[in-house]
Amino acid sequence: MPADVKMRLAPPKDLHVIEDPRTGLQGVIAISSTALGPATGGCRFWRYPSQTELAADAARLAHGMSYKNALAGLPLGGGKAVLQLPDQPFDRKALFRAFGDAVDRLGGAYVAAEDVGTSVADMQCVRERTSYVAGLTARPGMAGGDPSPWTALGVFLSMQQAARSVLGCELSDTTVAIQGLGSVGRRLARLLYSARARLVVADSACARAQEVADELGASLVAPEDIAGVAADIFAPCALGGAINERSVDQLKVRIVCGAANNQLASAKDGDDLAQRGIAYMPDYLVNAGGIINVSAEYLGESTEHVENRVAGIPRRLEEVLRLAAKTGRPTHVVADELAEAILSGAKVA
Ligand code: NAI
């Protein structure tokens, strides 16, 4: 993690180390804020070079969840679980049941859901041991299930807003370069295709990229070239840090708007984007559709609640763009300040 990102972040309120040698479970649950409700955020299952890096990522992601939940108007705090993907064979169900025990021991301070590397099936195992989990199979008419379609919809609506506010046009007049065609990126590509945007796509899984290109008539480029494609919008939908020292100079777009968490490798990269006249749509604002669905499921709400809240994402984005234009400050700074104001109970203008 770059030094200036570290400095920007408050340390997590609580960092719970979890270990179960019997199942190979090893990781942390980071709680960043419970000011607005139980700390809620997905469980990431990934391979990290060290426990220190794993814990740092959990803290950073939990902090992002606090901001995301606050800006989305949810009655939830911010938290995240990060689990080390074992390098030995392991029993996946047993590992996630043990994780469920760890979540349960926190007595509702943290509510789990899916994230990169985990699925609805994993959360069903967690549910066997605790009720503090969402992202389970949905009942008819009720919120629940895979959050990815809602994340993709929120990003799509944000892109539509960004095109109107920044470029003064509709998505049908734009070319969008998408990095990463997984659960969210692929759905986003389909929504953009329906809106008649031109698409350029890349994924490090070549077969997946080819499949999407064939399905949607998109141009295909190598993963290392996608950030430098001449387009209107760049949509990072893979892992974090897509906007970094190197890619900031490569970008040939007017807007960055995508699903990935922690797109800015450092705050300076956000400043540099703004300096270059590239409008950044803050990641935790535009990708809140998934957590909105998780929250509604946890609170026993219907899909109608989810639709209404996801429709609020572009309105909040418009507010951020307006404030940024009025004050001459970068969008990532304005969004952070709005989120901090909500967290501290201040009235938001
Ligand atoms: P996923 O794991 O289904 O898809 C990620 C895709 O990115 C994969 O197809 C992978 O091959 C590709 N990829 C990885 N590195 C790449 C690279 N350097 N260049 C090109 N492609 C690359 O993940 P998912 O669920 O689609 O999430 C994507 C991003 O959105 C992640 O950062 C995630 O944290 C974030 N996000 C996802 C939410 C959800 O509802 N699934 C909610 C909010 C954020």
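The values are calculated or read from the model by the stated rules, or taken from the named source; none is laboratory data. Note that the coordinates shown come from a computational prediction; the quantities given were computed from them, not determined experimentally. A quick note on method: Cβ atoms are made from the backbone with ideal geometry, for glycine too, and the neighbour counts reach across all protein chains shown.
Does GLY185 meet the test of being within 13 Å of the ligand (Cβ to nearest atom) and not in a helix (DSSP H, G or I)? Taking the combined requirement at face value, the residue does not satisfy it. More than 16 Å from the ligand (Cβ to nearest atom), in contact with a helix residue (DSSP H, G or I) (Cβ under 9 Å, 6 or more places away or on another chain) and either within 22 Å of GLY228 (Cα to Cα) or touching a residue at least 40 places away in the same chain (Cβ under 8 Å) (or both), is that true of GLN179? No: the conditions fail for GLN179. State whether one or more residues within segment 217-238 are part of a loop (DSSP other than H, G, I, E, B), touching a residue at least 40 places away in the same chain (Cβ under 8 Å) and either within 27 Å of TYR298 (Cβ to Cβ) or hydroxyl-bearing (Ser, Thr, Tyr) (or both). Yes, the conditions are met somewhere in segment 217-238. Entry remark, segment 135-157: residues being touching a Lys or Arg at 6+ places or on another chain (Cβ under 9 Å) and polar (S, T, N, Q) number 2 in total.
Filter segment 286-337 down to the residues that are of a type in the set (S, T, N, Q), under 27 Å from VAL133 (Cα atoms) and in a helix (DSSP H, G or I) and list them by number. Before you say what the answer is, go through the steps one by one.
Let us first name the residues in segment 286-337 that are of a type in the set (S, T, N, Q), namely 287, 293, 295, 302-303, 308, 327, 331.
If we keep only those that are under 27 Å from VAL133 (Cα atoms) as well, we get 287, 293, 295, 302-303, 308.
Within segment 286-337, ASN293, SER295, THR303, ASN308 qualify.
Quick grid of which residues meet (1) assigned to a loop (DSSP other than H, G, I, E, B); (2) touching a Cys at 6+ places or on another chain (Cβ under 8 Å):
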position: PHE99; (1), (2): no, yes
position: VAL103; (1), (2): no, no
position: VAL116; (1), (2): yes, no
position: ARG139; (1), (2): yes, no
position: TRP150; (1), (2): no, no
position: MET159; (1), (2): no, yes
position: ALA162; (1), (2): no, yes
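When ASP57 is tested against (1) free of Cβ contacts under 8 Å to residues at least 40 places away in the same chain; (2) in a helix (DSSP H, G or I), just one condition goes unmet, and that condition is (1). Going by the conditions given, is GLY135 touching a Gly at 6+ places or on another chain (Cβ under 8 Å), over 23 Å from ASP232 (Cβ atoms) and buried (at least 22 other Cβ atoms within 10 Å of the Cβ)? Judged against the criteria, GLY135 is a match.
Might you check whether a residue that is under 20 Å from ILE278 (Cβ atoms), in contact with a Lys or Arg (Cβ under 9 Å, 6 or more places away or on another chain), free of Cβ contacts under 8 Å to residues at least 40 places away in the same chain and surrounded by 14 or more Cβ atoms within 10 Å (Cβ to Cβ) occurs anywhere in segment 310-328? Yes, some residue in segment 310-328 is under 20 Å from ILE278 (Cβ atoms), in contact with a Lys or Arg (Cβ under 9 Å, 6 or more places away or on another chain), free of Cβ contacts under 8 Å to residues at least 40 places away in the same chain and surrounded by 14 or more Cβ atoms within 10 Å (Cβ to Cβ). No other residue among ARG92, ARG44, ARG60, ARG105 is more than 17 Å from the chain's Cα centre (by Cα) and under 26 Å from GLY185 (Cβ atoms) apart from ARG92.
Scanning for something away from the ligand (no atom under 16 Å from the Cβ), over 25 Å from GLY64 (Cα atoms) and either modelled with pLDDT of 95 or more or in a strand (DSSP E or B) (or both), does segment 256-273 turn up at least one residue? Taking every residue of segment 256-273 in turn, none turns out to be away from the ligand (no atom under 16 Å from the Cβ), over 25 Å from GLY64 (Cα atoms) and either modelled with pLDDT of 95 or more or in a strand (DSSP E or B) (or both). Given the criteria surrounded by 15 or more Cβ atoms within 10 Å (Cβ to Cβ), among the β-branched types (Val, Ile, Thr) and either more than 17 Å from the chain's Cα centre (by Cα) or modelled with pLDDT under 95 (or both), does ILE278 qualify? Judged against the criteria, ILE278 is a match. Got at least one residue in segment 88-98 being buried (at least 20 other Cβ atoms within 10 Å of the Cβ), modelled with pLDDT of 95 or more, aromatic (Phe, Trp, Tyr) and touching an Asp or Glu at 6+ places or on another chain (Cβ under 9 Å)? Taking every residue of segment 88-98 in turn, at least one turns out to be buried (at least 20 other Cβ atoms within 10 Å of the Cβ), modelled with pLDDT of 95 or more, aromatic (Phe, Trp, Tyr) and touching an Asp or Glu at 6+ places or on another chain (Cβ under 9 Å).
Among the residues of segment 60-87, those identified as over 24 Å from SER344 (Cα atoms) and either outside any strand (DSSP E or B) or modelled with pLDDT under 95 (or both) are LEU85, PRO86, ASP87. A residue that is closer than 25 Å to TYR284 by Cβ, within 15 Å of the ligand (Cβ to nearest atom) and out of contact with any strand residue (DSSP E or B) (no Cβ under 9 Å at 6 or more places or on another chain) occurs somewhere in segment 197-215. Which residues, taken from segment 50-83, are farther than 22 Å from VAL310 by Cβ and surrounded by fewer than 19 Cβ atoms within 10 Å (Cβ to Cβ)? Answer for segment 50-83, where residues must be farther than 22 Å from VAL310 by Cβ and surrounded by fewer than 19 Cβ atoms within 10 Å (Cβ to Cβ): SER50, GLN51, THR52, GLU53, ALA55.
Please tell me if SER183 is more than 25 Å from LEU239 (Cα to Cα) and within 23 Å of the chain's Cα centre (by Cα).
Working: more than 25 Å from LEU239 (Cα to Cα): no; within 23 Å of the chain's Cα centre (by Cα): yes.
The answer is no for SER183.
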